[in-house]
2 protein chains.
Amino acid sequence: MDVSFVNPFIKALIDTFKTMLSTDTIPGKPQVKSGNKPTHDISGIIGLSGEAQGAIAISFPKIVALKVVSAMLGSSIKIIGPEIVDGIGEIANIVAGRAKQGLSQYKLTISLPNVIVGQNHAISPPSGIRAIIVPFDSSLGNFVMEISLKTK
Amino acid sequence: MDVSFVNPFIKALIDTFKTMLSTDTIPGKPQVKSGNKPTHDISGIIGLSGEAQGAIAISFPKIVALKVVSAMLGSSIKIIGPEIVDGIGEIANIVAGRAKQGLSQYKLTISLPNVIVGQNHAISPPSGIRAIIVPFDSSLGNFVMEISLKTK
């Protein structure tokens with residue numbers, strides 16, 4: 001399995017948090033997603049197509065999503081509402097946009113992000129496609145990025 | 001707001017249920033999604049890009065998802081597991097693939113579907129993009145399709 005596509009997504013996420021939120025993030029070891037799926041409260045998900053097809057999801061516990069968007073907006077957001085949805089969608093969009101620059105061989109185009117709000121939801125890639133999960137630590141809390149990409 | 005893109009998705013969904021599940025579906029009136037977001041248990045979501053960008057989600061209550069995938073596989077599925085995830089992802093994929101044929105002016109490419117499993121999750125389109133919700137009735141139960149597409 002070719003997982004060289006993972007690093008541009010990790011770099012894009014680190015750069016996005018650094019520039020937009022002035023926050024350092026530390027990636028953990030990427031893992032192939034298996035039966036025990038992690039669950040999330042808020043996820044920004046965005047499709048990728050072109051010479052490869054896939055999607056990324058960046059998923060947060062509720063408290064971390066609130067802190068992340070508060071840091072992004074420079075004001076304290078205390079409830080899950082439109083600011084959170086827009087903020088998490090924007091982060092997914094920017095990460096995907098930056099990552100595709102590092103994956104120019106795939107001529108990726110990105111779709112519009114959607115934001116899933118629901119306590120303890122899980123995200124599954126299509127049958128036969130393995131998702132890679134990358135955990136991240138930051139001063140705002142822990143979160144994960146899930147990447148599925150079918151390279152031809 | 002140009003919503004002429006909605007009809008090819010409705011036709012694609014009706015055709016998919018007819019051919020794959022031998023089930024007639026009756027679309028309700030498409031509505032612009034507003035503040036009161038419907039919630040779902042299982043959603044297949046897939047990104048669209050090309051000369052337009054967007055995503056569709058086809059979302060089911062748990063009991064309807066079980067019936068739909070049971071009809072698709074021709075065997076009774078009683079729990080939310082890999083068959084349901086694969087089946088709902090496959091339906092999203094086929095609907096998006098059929099719809100893009102009816103929307104050739106946008107040169108759409110489709111991403112890989114992801115399936116969200118989580119009781120009472122809601123899906124939000126990006127800021128500034130209105131999602132169109134289409135409710136469907138069928139003998140397997142009611143469900144909805146949400147379409148967001150930014151045409152340039």
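The values are calculated or read from the model by the stated rules, or taken from the named source; none is laboratory data. Note that the coordinates shown come from a computational prediction; the quantities given were computed from them, not determined experimentally. Glycine gets a Cβ as well: all are built from the backbone with ideal geometry, and neighbour counts include every protein chain shown. Areas reflect the complete protein model, heavy atoms only, side chains present, ligands, DNA and RNA absent. Shrake-Rupley method; radii C 1.70, N 1.55, O 1.52, S 1.80 Å.
Put a point 7 Å out from Cα along the line to Cβ at B:Pro82; what are the distances to that point in the other copies, in nm, shortest first?
4.3
Is there a simple number for the mean count of other chain Cβ atoms within 10 Å of the Cβ of residues in A:77-83, and what is it?
1
Considering the alpha-carbon set of the stretch B:5-152 alone, what are its Rg and its Dmax in angstrom?
14.2, 44
Can you name the chain A residue with its Cβ nearest the rotation axis from A to B, and give the distance in Å as a whole number?
A:Gly47, 1
Only Cα pairs within less than 10 Å get springs; with that Gaussian network setup on chain B, which residue of B:Ser127, B:Ser34, B:Ser138 has the largest fluctuation?
Maximum among the listed residues: B:Ser127.
Calculate how large, on average over all directions, the projected area of the Cα convex hull of the stretch B:69-152 is; give the answer in nm² to one decimal.
Answer in nm², one decimal: 7.0.
May I have the convex hull volume per residue, in Å³, for the Cα set of the stretch B:5-75?
117 Å³
Quick check: the distance between the Cα centres of the stretch A:84-152 and the stretch B:31-70, to the nearest angstrom?
Cα centres, the stretch A:84-152 to the stretch B:31-70: 18 Å.
Could you work out which residue, out of A:Ser59, A:Ser43, A:Ser70, moves most in a Gaussian network model of chain A, that is, has the largest mean-square fluctuation with Cα springs under 10 Å?
Between A:Ser59, A:Ser43, A:Ser70, it is A:Ser70 that shows the largest mean-square fluctuation.
Along Cα-to-Cβ, 7 Å out, sits the label point; list in nm, shortest first, how far the one on A:Gly102 is from those in the other copies.
Distances between equivalent label points, in nm: 4.0.
Total accessible area buried between chains B and A, 1.4 Å probe, in Å² to the nearest 100? Present the calculation step by step, with values, prior to reporting the outcome.
Details: alone 7620 and 7610 Å², together 12920 Å².
The B and A chains share an interface burying roughly 2300 Å².
Tell me, Kirkwood radius of the protein assembly as shown from alpha-carbon pair distances, in Å?
19.1 Å
Ignoring everything but the protein chains, give the 1.4 Å probe accessible area of A:Leu73 in square angstrom, nearest 10.
Accessible area, nearest 10 Å²: 90 Å².
Tell me, what % of the accessible area of chain B is carbon and sulfur with a 1.4 angstrom probe? Can you show the working numbers first?
Numbers: 3330 of 6460 Å².
Within chain B, the accessible surface is 51 percent carbon and sulfur.
What value, in deg cm²/dmol to 500, does the helix sum -39500 (n - 2.57) over DSSP H runs of n ≥ 4 give at 222 nm once divided by the residues of chain A?
Value at 222 nm, helices only: -10500 deg cm²/dmol.
With every protein chain left in place, what is the accessible area per residue of chain A in square angstrom, probe 1.4 Å?
42 Å²
Calculate how steeply helix A:82-101 sits against the longest principal axis of the alpha-carbon atoms of chain A, using the helix alpha-carbon long axis, and give the answer as 0 to 90 degrees to the nearest 10.
The answer is roughly 30 degrees.
Would you mind listing the distances between the A:Glu51 label point and the same position in each other copy? Use 7 Å along Cα-to-C-beta, nm, one decimal, shortest first.
2.4
Take peptides A:96-107, A:114-125 and line them up by average Cβ neighbours within 10 Å, highest first, as a rough protection proxy. Walk me through the intermediate numbers first.
Details: A:96-107: 17.2, A:114-125: 23.3.
The packing order, highest mean first, is A:114-125, A:96-107.
Which angle between 0 and 90 degrees, to the nearest 10, do you get for helix A:6-21 versus the longest principal axis of chain A when only C-alpha atoms count?
Orientation of helix A:6-21: about 20 degrees from the principal axis.
Per-residue Cβ counts within 10 Å, from other chains only, averaged over B:125-131: what number is that?
On the way: counts 6, 12, 9, 2, 4, 0, 2.
Mean inter-chain Cβ contacts per residue within 10 Å come to 5.
If one takes the longest principal axis of the Cα atoms in chain B, at what angle in degrees, from 0 to 90 and to the nearest 10, does the Cα axis of helix B:62-73 lie?
Helix B:62-73 sits at roughly 80 degrees to that axis.
Per residue of A:105-111, what is the mean number of Cβ atoms on other protein chains within 10 angstrom of that residue's Cβ?
Average neighbour count from other chains, rounded to a whole number: 5.
Compute a Gaussian network model of chain B, connecting alpha carbons closer than 10 Å, and tell me which residue from B:Ile56, B:Ile84, B:Ile26 fluctuates the most.
B:Ile26
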